[in-house]
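The values are calculated or read from the model by the stated rules, or taken from the named source; none is laboratory data. A quick note: this is a predicted structure, and the numbers were derived from the prediction, not measured. Using ideal geometry, Cβ is built from the backbone for each residue, glycine included, and neighbour counts are taken over all protein chains shown. When the accessible area is computed, the model is the full protein with side chains, heavy atoms only, and any ligands, DNA or RNA have been set aside. Shrake-Rupley method; radii C 1.70, N 1.55, O 1.52, S 1.80 Å.
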Amino acid sequence: MFAVTLSLGTTAAAQPPTAVTRAASTAERWEQAQLAWEAGDYVRALTGVGGVLRAPDGSAYRKRVALLTGENWQTVQVAENARAPRWSPDGMRAAFEVGVGSDRFTRVVDVRDGFPVLAEVVGTGVVFSPDGARIAYLATQGETTQLMVRQLSPAPGSPVALPGLVPAQAEFLADGSLLVVAAIEGDTRTALYRAPAVGNPARVSTTDSVVADLVLSRDGSHALYGIGGRSPVQIGTGRGFARGPARSTFALLDVATGAERVFEGEGAVLSADGSAVAFLTRRADTSIVHLGTWSAPAREVHRTTDQVESVAIAPDGAHVTFQQRPREDWELFSVSRDGGDPVRLTREIQHDLLPQYLDNERVLAVMGEARHRRSYLYTGGERFRLFHNNTVRTIAPEYEWAPSPDGTKLLIVAERDGDTVTPHRH
């Protein structure tokens, strides 16, 4: 800005302009702090950030500062050296495994008030009833595996074994009965059974092949499972982040009627409302993403000569997200159930991997190599880092992710102190 003074009616020469220094705006100081952070000049960056927060309009930058320097969301340590987290359907309880080998057990906690321990069971594969009042789990003694059921509330009870089956996996249905992948004693082939609280289990699956890797929709209306051979569906903690190997055949079950539909494909995932299933097929150098429903044949929604892996499906089945490799690294893309051109979610030199929907609008995914992956939230065209250790230039490697059913909380197994030498993961 320049000021010029003129004296009318005189012959004096005009004075040279005088420069006036303008103070940098908060937006400009924020931009300079960001650039300093990216350049590794953390002293200048943090000094600049402090000035931004102290500005009259600094409150508008709190979230951006938190996401740059650390975390925007509250993080609480739930347990030390634990793994395999899983939520109850009502989001009020969680389970995770502690210990190794013969000393391994599962701890169940209440997430609402400081994580008090509700139960500790010597077993694995814990699942919750829809109301969170009961758990089922696999208990192994020697070479024998039993399916155990235990009451948690209103009063804790003793575990009860369900006889007659050699179980491999179980899920609670809406009526409180269990859907169990198991073999009959004396037979090595697994099938799908429905086990009521009282009475004998009844076989549900009709295939004569091996059944494995059961996934149940959130409302319990449909189930997805592999048939024969290798593991077909994407399973694991958080219902979708641990990925099984590919399988060429899987079945979709209508729980109410017991009817099955068989599909050919790999990497299958089931929508939370049970309305749709997404999966991959490959032909020569082409990857094809398919979307199928109970009432209509599977149809192609995306085709590419790039590599494609890790399909995810929105809770209402309206969109499919997947990782695709256009060049050296994996990126995330999303396509509508009606097909059309996919929307690219990421542009990052590091790998973007393992997408999972929190709801119909928000996608959770991870970035980086296996030894230092970090979780990010994608929504409205923006990306937000979720977890950090708040120490300059030190990462917090993450290994497992389990979102709560309502998508508002996330259980993470990680090395928060950034020390990748020690085996402890909290």
What accessible area, in Å² to the nearest ten, does a 1.4 Å probe give for F96?
-> 20
Kindly write out, for the stretch 149-159 in residue order, the coupling ³J(HN,Hα) from the Karplus curve 6.51 cos²θ - 1.76 cosθ + 1.60 (θ = phi - 60°), rounded to whole Hz, with x marking Gly and Pro.
-> 10, 9, 7, 9, 8, x, 10, x, x, 7, x
To the nearest Å², the heavy-atom accessible area per residue of the chain with 1.4 Å probe amounts to 51
What ³J(HN,Hα) values, in whole Hz, does the Karplus curve 6.51 cos²θ - 1.76 cosθ + 1.60 give for the stretch 408-425 when θ = phi - 60°, with x put for Gly and Pro?
-> 9, 9, 9, 8, 10, 9, 7, 9, 5, 7, x, 8, 8, 7, 6, x, 6, 10
Label-zone membership for the stretch 74-97, site D113, 7 angstrom Cα→C-beta point, backbone N under 13 Å = none
Ordering L173, L68 by the accessible surface of their heavy atoms, 1.4 Å probe, largest first, yields L68, L173
Dividing the alpha-carbon Rg of the chain by 2.2 N^0.38 Å yields what?
-> 1.24
Shape of the stretch 7-156, Cα gyration tensor, a/c cut at 1.5 = prolate
Using a 1.4 Å probe on heavy atoms of the protein chains only, the accessible area for I313 in Å², nearest 10, reads 20
Long-range amide H contacts for K409: which residues qualify at under 5 Å (H placed 1.01 Å from N, peptide plane, sequence gap of 5 or more or a different chain)?
-> S404
Take Y376, Y225 and sort them by solvent-accessible surface of the protein heavy atoms, 1.4 Å probe, largest at the top.
-> Y376, Y225
Keeping all protein chains in position, work out how much accessible area H319 exposes to a 1.4 Å probe, and write it in Å² to the nearest 10.
-> 80
Per the helix-only model, the chain has a calculated mean residue ellipticity at 222 nm (DSSP H runs of ≥4, -39500 (n - 2.57) each, divided over all residues, rounded to the nearest 500) of -2500 deg cm²/dmol
Tell me, what is the Rg over Rh of the stretch 269-416, with Rh the Kirkwood radius over Cα pairs?
-> 0.98
Taking the Cα atoms only, what angle lies between the long axis of helix 42-54 and the longest principal axis of the chain, rounded to 10 degrees?
-> 80
Only Cα pairs under 8 Å and at least 6 apart count here; give the relative contact order of the chain as a rounded whole percent.
-> 9
The chain: longest segment with zero exposed GluC sites (Glu not before Pro), where exposed means DSSP loop plus at most 10 other C-beta atoms within 10 Å, is residues 186-327
Protein accessible area in the chain, 1.4 Å probe - carbon and sulfur % | 51
